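Q: Here it is, the structure in full.
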Amino acid sequence: MSENYVSKNSSNSHPFLCVENLGYQIDEIKLLSDISFEISAGERVAIFGPSGAGKSTLIRLLNRLDEPSDGTVYLEGQDYRQIPPRKLRRRLGMVMQQPNLFPGTVGENIRFGPQAQGKLLEDEKIEALLSSVDLEGFADREVSKLSGGEAQRVNLARTLANQPEVLLLDEPTSSLDQDSRQEVEQTIMAILQSRGVTCILVSHDRDQVQRLSDRVLLLEDGRLKADGSTREILNA
Amino acid sequence: MLSQWIENQVLLGAAQAAITLLAALLVMVLTIRLNLGLKKDILIGLGRGLVQIVGVGFLLTIIFSADLWVSLPIILAMITAAGFITVQRIKAIPNALWISLAGITAGAGSVILIMTLLGVIRQDLTSVIPIGSMMVYGAMNANTLMLERFFSELASHAGQVEAGLALGASPEQVVVPYARRAVTAALIPRINGLQSLGIVWIPGAMSGMLLSGENPAYAGFYQFVVSGSIFVTVGITVLISIVLVRKQVFSPAEQLLIRSEEKA
């Protein structure tokens, strides 16, 4: 069932992430069908489409928060079902639409991921992560006192604390007001530029897709309708 | 007053039950007036309660002098019934019946057995069955409360649970705050019960002993034994159940199986 992607390809130059015939259905309703694409390391790809197209479903499958009904995903040639879920989720760090911060301080939230694997994140590292999301000095602040934009930036820093190889961003600004949206987007842009991390962004905001991605996967009714450069797809 | 007119004790009991039933039906009429939608539940509760408890009364009359081992199938039947009653309230949790049976058997079963072997519960049917039933009942209520609370906590915090999973935490790690709240919710009524013992209420066991002329000081000690044993039963039951249920709400690939409104 879970053969190695490398074994199917004689070449060693397998793609960083390969999605193969991915499908998902729930209660007989098909939410995604036959999705296939490849992503190279360092790429910035947007999954774009109208609401209800299956964008969030797809990104949840990439993080394996749900189980695909068909197909699978290969990460550096390895079927992701062979990778222990916790390890996979640390490698493919997900930032959800809602911050979903845990009650407590900002610092406690940022420590959570490393702590779950028994590592203690030093205060300096927490401060460095907070600095990367423009929240210096926020470590001791209660998360209940944060604005929406601040909470989403803490969410981003919390994901970065695991040092993921891929950032999965699920509509990271859609729950925010206009000002906060800009702040968070700028933070994301700065992180992508400074870290060169591979990024998969889900968004229904055409302008945001234009600013944050080089390539677009256009999703409609649970199917991949187009795959090309951002300019090509958005101007089509 | 009734006892002056009716000499037969069973008939006297039936007449007293009829008066109580009448009062309970008046409460039901009030709930109908207030549109609370409880009519069916109240009728089933009153009907079942009356038939079941009188049935047990007759059963005890018949087996009054039977051997102690007869209490074993009776207690097991009570535990089984408690498991099924729990599941009626928590259909959404996979394997809730087995979890409940395991928790209640471990909690109530072990305490009844140890207390009986030690002679803390008098080794005869008329002691083991009623005191055992109190433990099974306590275990059932605590187990239901715990499972219901655990499920609703997870459903309303599905976003945080999945955020934890997405950060590479294990299911056991992400459910800690919700499991803690569920266990606390189940234990608090029992802790309150212990704290208010003798001040706010004098429970049935002690009342019965006082009515039958036992030494009040001994009745006090014995009531503490019963209440303390029920606390131990409840504690073991909910701790076993929470350990078992934690795994049930996640798939083998550590995905949350409960679909909340925000996830649907």
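Here is a yes/no grid of residues against (1) closer than 21 Å to B:ALA92 by Cβ; (2) among the β-branched types (Val, Ile, Thr); (3) in contact with a strand residue (DSSP E or B) (Cβ under 7 Å, 6 or more places away or on another chain):
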residue	(1), (2), (3)
B:THR116	no, yes, no
B:VAL136	no, yes, no
B:THR144	yes, yes, no
B:LEU147	yes, no, no
B:ALA179	yes, no, no
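Q: Count, please, the residues in region B:214-258 that happen to be over 22 Å from B:GLY119 (Cα atoms) and without any contact (Cβ under 8 Å) to a residue 24 or more places away in the chain.
A: The qualifying residues number 4.
Q: Being surrounded by 13 or more Cβ atoms within 10 Å (Cβ to Cβ) and not hydrophobic (A, V, I, L, M, F, W, C) is the filter; apply it to region B:181-197 and report the residue that is farthest from B:GLY132 (Cα to Cα).
A: Here the residue is B:ARG181.
Q: Being of a type in the set (A, V, I, L, M, F, W, C), more than 7 Å from chain A (Cβ to nearest Cβ) and out of contact with any strand residue (DSSP E or B) (no Cβ under 9 Å at 6 or more places or on another chain) is the filter here, so list the residues in region B:152-174 that pass it.
A: The one that is of a type in the set (A, V, I, L, M, F, W, C), more than 7 Å from chain A (Cβ to nearest Cβ) and out of contact with any strand residue (DSSP E or B) (no Cβ under 9 Å at 6 or more places or on another chain): B:ALA155.
A quick yes/no check of all residues on (1) over 26 Å from B:ALA81 (Cβ atoms); (2) surrounded by 10 or more Cβ atoms within 10 Å (Cβ to Cβ); (3) at pLDDT 90 or above; (4) over 25 Å from the mean Cα position of the chain (by Cα):
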{"site": "B:TRP5", "(1), (2), (3), (4)": "yes, no, no, yes"}
{"site": "B:ASN8", "(1), (2), (3), (4)": "yes, no, no, yes"}
{"site": "B:GLN16", "(1), (2), (3), (4)": "no, yes, yes, yes"}
{"site": "B:THR20", "(1), (2), (3), (4)": "no, yes, yes, no"}
{"site": "B:ARG33", "(1), (2), (3), (4)": "yes, no, yes, yes"}
{"site": "B:GLY45", "(1), (2), (3), (4)": "no, yes, yes, no"}
{"site": "B:SER65", "(1), (2), (3), (4)": "no, no, no, yes"}
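Q: Same structure, new question: Listed residues A:LEU121, A:LEU101; which is within 23 Å of A:GLU171 (Cα to Cα) and not basic (Lys, Arg)?
A: Just one listed residue meets the conditions, A:LEU101.
Q: Give me the residue from region B:161-180 that is within 31 Å of the chain's Cα centre (by Cα) and buried (at least 19 other Cβ atoms within 10 Å of the Cβ) and, out of that set, nearest to A:GLN97 (Cα to Cα).
A: B:VAL161
Q: Can you tell me which of (1) within 14 Å of B:ILE131 (Cβ to Cβ); (2) in contact (Cβ under 8 Å) with a residue 12 or more places away in the chain; (3) out of contact with any helix residue (DSSP H, G or I) (no Cβ under 6 Å at 6 or more places or on another chain) is the one B:ILE202 doesn't meet?
A: The single condition B:ILE202 does not satisfy is (1).
Q: Under 26 Å from A:SER56 (Cα atoms), surrounded by fewer than 21 Cβ atoms within 10 Å (Cβ to Cβ) and more than 14 Å from chain B (Cβ to nearest Cβ): does that describe A:GLY137?
A: For A:GLY137, the condition - under 26 Å from A:SER56 (Cα atoms), surrounded by fewer than 21 Cβ atoms within 10 Å (Cβ to Cβ) and more than 14 Å from chain B (Cβ to nearest Cβ) - is not met.
Q: Here's another thing I want to ask about it. Being in contact (Cβ under 8 Å) with a residue 24 or more places away in the chain, within 15 Å of A:ARG158 (Cβ to Cβ) and surrounded by fewer than 17 Cβ atoms within 10 Å (Cβ to Cβ) narrows it down to one of A:PRO114, A:PRO103, A:PRO50, so name that one.
A: A:PRO103
Q: Do you know which of the residues in region A:98-132 that are within 11 Å of chain B (Cβ to nearest Cβ) and assigned to a helix (DSSP H, G or I) is nearest to the chain's Cα centre (by Cα)?
A: Among residues in region A:98-132 that are within 11 Å of chain B (Cβ to nearest Cβ) and assigned to a helix (DSSP H, G or I), the one nearest to the chain's Cα centre (by Cα) is A:GLY113.
Q: If you don't mind, another one. Tell me the helices (runs of 4 or more DSSP H) entirely within region A:142-236 that contain at least 2 residues that are of a type in the set (S, T, N, Q).
A: The helices (runs of 4 or more DSSP H) meeting that bar are A:148-160, A:178-195, A:206-212.
Q: Filter region A:39-97 for residues that are in a loop (DSSP other than H, G, I, E, B) and closer than 21 Å to B:HIS157 by Cα and give the result.
A: Filtering region A:39-97 for residues in a loop (DSSP other than H, G, I, E, B) gives A:40-43, A:49-54, A:63-69, A:76-77, A:83-84, A:96-97.
The answer is A:ASN63, A:ARG64, A:LEU65, A:ASP66, A:GLU67, A:MET96, A:GLN97.
The values are calculated or read from the model by the stated rules, or taken from the named source; none is laboratory data. What you see is a predicted model, and the numbers here were worked out from it, not measured in a lab. Every residue, glycine among them, receives a Cβ derived from its backbone with ideal geometry; neighbour counts consider all protein chains shown.
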